[in-house]
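Have a look at the structure below before the remarks.
What follows is calculated from the coordinates using simple rules that are stated; it is not laboratory data. A quick note: this is a predicted structure, and the numbers were derived from the prediction, not measured. Backbone-built Cβ (ideal geometry, glycine too); neighbour counts: all protein chains shown.
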Amino acid sequence: MPTKNELRKKIRYISVSVLTAPVGQILLFLFFVVLDLSAFASNVLAVTISTIPNYLLNRLWVWKRVRNHSFRNEILPYWVIAFLGLALSTCFVLIANSEWNHWIAINMANATGYTILWIAKYFILDRYIFSEAE
């Protein structure tokens with residue numbers, strides 16, 4: 001059974017996703033519909049931009065890390081995970097674009113790709129990237 005602190009951390013992690021996922025979805029919509037960029041370019045830009053607040057909120061609020069950022073131990077692995085999600089969501093986005101070419105399908109494909117990795121990401125962040133033991 002998880003402790004109160006572990007449960008709070010999981011709730012904060014969910015909250016960060018609830019806060020930052022719409023940022024990525026809005027950016028994806030703006031790039032794809034408003035700026036008329038390709039589905040691929042729109043997805044890459046949306047993921048790249050939305051990963052920044054997601055990393056900062058997870059680091060500071062969920063895992064309470066306030067010391068200097070470690071490029072090797074935190075930033076690089078975080079971006080590797082983000083770009084694994086980008087690769088998966090891009091595959092989904094390209095398939096959705098070829099089938100439906102509609103912004104709702106593109107956004108749903110993007111969200112599906114990230115949802116698949118979301119739980120695994122929590123455990124990787126908790127156990128390896130932001131773990132208490134350094």
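Assorted remarks:
- Spin-label model, LEU19 to ILE49: label points 7 Å out along the Cα-to-beta-carbon direction sit 1.9 nm apart.
- Of (i) 15.6, 49; (ii) 14.1, 43; (iii) 18.2, 65, the label for Rg and Dmax of the Cα atoms in Å derived from the coordinates: (i)
- Model label zone, TRP118; criterion: amide N under 20 Å from point 7 Å along Cα-to-beta-carbon; scope the range 73-108: 78-94, 96, 104-108
- Relative protection proxy for 27-33, 67-73, from highest mean packing down: 27-33, 67-73 (other beta-carbon atoms within 10 angstrom).
- Our coupling estimate for the range 100-111, obtained by passing each phi through the Karplus curve with A = 6.51, B = -1.76, C = 1.60 and θ = phi - 60°, is 10, 6, 9, 4, 5, 5, 5, 5, 5, 5, 4, 5 Hz, Gly and Pro reported as x.
- Estimated from helices alone, the mean residue ellipticity of the chain at 222 nm is -24000 deg cm²/dmol (sum of -39500 (n - 2.57) over DSSP H runs with n ≥ 4, per residue).
- Residue by residue, the range 72-81 carries 3J(HN,Hα) couplings of 5, 8, 10, 5, 4, x, 4, 5, 4, 4 Hz when phi is fed to the Karplus relation 6.51 cos²θ - 1.76 cosθ + 1.60 (θ = phi - 60°); x denotes Gly or Pro.
- Rounded to the nearest 20, the Cβ-based charge dipole of the chain about its Cα centre (Lys and Arg +1, Asp and Glu -1) stands at 660 debye.
- Separation between Cα centres of the range 84-132 and the range 1-73, rounded to whole Å: 12 Å
- Relative packing of peptides 118-128, 81-91 - highest average C-beta neighbours within 10 Å first: 81-91, 118-128
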